[in-house]
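**Student:** Starting off with a structure, shown below.
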């Protein structure tokens, strides 16, 4: 469709949408089908479709090598990787897990599921992540665990959090779902803290349909979690860990993840091209800031994150509604800080003004496998049109009762 010339042509006001096919924000990269098929045939010929299959062990070894760690333990989902790691690492007799409020919408729910209490901390406005400076004031005699969460672009304060955790003798777990590819201080993300958690969901950098994994250099922790995910069994029907469950990664998911690993470098190359297109085209729109990747970390460029600056004349939520109507499936980052959502469990939260301010400013625009350079050009053009006609758009939204 041609570019918009007047606000009546916006889809939110009844016009035709900019795109006929929705443009998503998720990665959604499928690996080479023949590669996936080749791994899958190994499963078929080995007649082993469940339990600790050879493909799961191969995936764990490759991921450990990739992250430069001693051990990798794969799980059926990132949820179970996170929940079981929290349970294993939390200090006994303590019940608070320190985590940022500006993060994944279910993070606090996972903590609560383990029987522990979320203690929300501020974030550093320069990284949008928690840091030693924001975590330290929350540490008390009840602290069981520090959960360092990498933001969707770049990394959190790895060095500071590691030093703080060591100094205060508190376990440190990283949620590194969005930082699979990055380096920090010459080491791959995955090497730090007591353990790090990753996802193999279909929208992630390594697509295993579904699944998750943990990396660690702690042999005892790796052995404990391998038993816990395996119904607590060490061999056939030999239950050695009570209260465990089946959280094993199915071999077909391992086959998909292995095929994705084979294609990872070419995926990063394509992601980088899309990022550069956004960077080039957004240079003419001063009221929107593209969060740039730190090239020194060798990032994966999976996500694109935009900040609406003070000069942007619409609210973040109105901007997203307009874009969504055009089938530009932009999303808020994050729509609600966790300390402000309704919770049926106990939690600890002071005033978090930085988090609340930042939670209203960021947008994830379309990116990934189903977004082309031409699509990006049309999205940026649409943003420019919205800015230019903002006064009339705001008036129309008020008149229509949309605001």
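**Student:** Of all residues in the stretch 196-209, count the ones that are in contact with a helix residue (DSSP H, G or I) (Cβ under 6 Å, 6 or more places away or on another chain) and at negative phi.
**Tutor:** Residues flagged as in contact with a helix residue (DSSP H, G or I) (Cβ under 6 Å, 6 or more places away or on another chain) and at negative phi within the stretch 196-209 amount to 6.
**Student:** Kindly provide the set of residues from the stretch 320-339 that are more than 18 Å from the chain's Cα centre (by Cα), touching a residue at least 60 places away in the same chain (Cβ under 8 Å) and surrounded by fewer than 22 Cβ atoms within 10 Å (Cβ to Cβ), ordered by number.
**Tutor:** 321, 325, 327 - these are the residues of the stretch 320-339 that are more than 18 Å from the chain's Cα centre (by Cα), touching a residue at least 60 places away in the same chain (Cβ under 8 Å) and surrounded by fewer than 22 Cβ atoms within 10 Å (Cβ to Cβ).
**Student:** Between 152, 170, 146, which is closer than 19 Å to residue 105 by Cβ and touching a strand residue (DSSP E or B) at 6+ places or on another chain (Cβ under 8 Å)?
**Tutor:** Exactly one of 152, 170, 146 is closer than 19 Å to residue 105 by Cβ and touching a strand residue (DSSP E or B) at 6+ places or on another chain (Cβ under 8 Å), namely 152.
**Student:** Against the conditions (1) within 21 Å of residue 215 (Cα to Cα); (2) touching a helix residue (DSSP H, G or I) at 6+ places or on another chain (Cβ under 8 Å); (3) modelled with pLDDT of 95 or more, where does residue 150 fall short? Just the number, please.
**Tutor:** (2)
**Student:** Take residue 160 and decide whether it is out of contact with any strand residue (DSSP E or B) (no Cβ under 6 Å at 6 or more places or on another chain) and touching a residue at least 24 places away in the same chain (Cβ under 8 Å).
**Tutor:** yes
**Student:** A further question follows. Can you tell me which residue within the stretch 45-79, out of those that are assigned to a loop (DSSP other than H, G, I, E, B) and more than 26 Å from the chain's Cα centre (by Cα), is modelled with the highest pLDDT?
**Tutor:** Within the stretch 45-79, the first condition is being assigned to a loop (DSSP other than H, G, I, E, B), and the residues that meet it are 47-53, 68-70, 76-77.
Checking the rest, the ones that are also more than 26 Å from the chain's Cα centre (by Cα) come to 47-53.
Working: 47: 73, 48: 69, 49: 67, 50: 67, 51: 63, 52: 65, 53: 80.
Only one residue fits best here, namely 53.
**Student:** Then there is this: Being free of Cβ contacts under 8 Å to residues at least 60 places away in the same chain and either assigned to a loop (DSSP other than H, G, I, E, B) or touching a helix residue (DSSP H, G or I) at 6+ places or on another chain (Cβ under 9 Å) (or both) narrows it down to one residue among 92, 42; which is it?
**Tutor:** None of the others qualify; the one that does is 92.
**Student:** Something else about it: Taking the criterion of being assigned to a strand (DSSP E or B) and modelled with pLDDT of 90 or more, would at least one residue in the stretch 385-403 satisfy it?
**Tutor:** Scanning the stretch 385-403 turns up no residue that is assigned to a strand (DSSP E or B) and modelled with pLDDT of 90 or more.
**Student:** If I ask for residues that are in a helix (DSSP H, G or I) and either at pLDDT below 95 or buried (at least 18 other Cβ atoms within 10 Å of the Cβ) (or both), which ones from the stretch 367-377 would you list?
**Tutor:** 375, 376 - these are the residues of the stretch 367-377 that are in a helix (DSSP H, G or I) and either at pLDDT below 95 or buried (at least 18 other Cβ atoms within 10 Å of the Cβ) (or both).
**Student:** Please tell me if residue 34 is closer than 28 Å to residue 196 by Cβ and surrounded by fewer than 17 Cβ atoms within 10 Å (Cβ to Cβ).
**Tutor:** Values: closer than 28 Å to residue 196 by Cβ: no; surrounded by fewer than 17 Cβ atoms within 10 Å (Cβ to Cβ): yes.
No, not satisfied.
The values are calculated or read from the model by the stated rules, or taken from the named source; none is laboratory data. None of these values were measured; they are calculated from a predicted model. Using ideal geometry, Cβ is built from the backbone for each residue, glycine included, and neighbour counts are taken over all protein chains shown.
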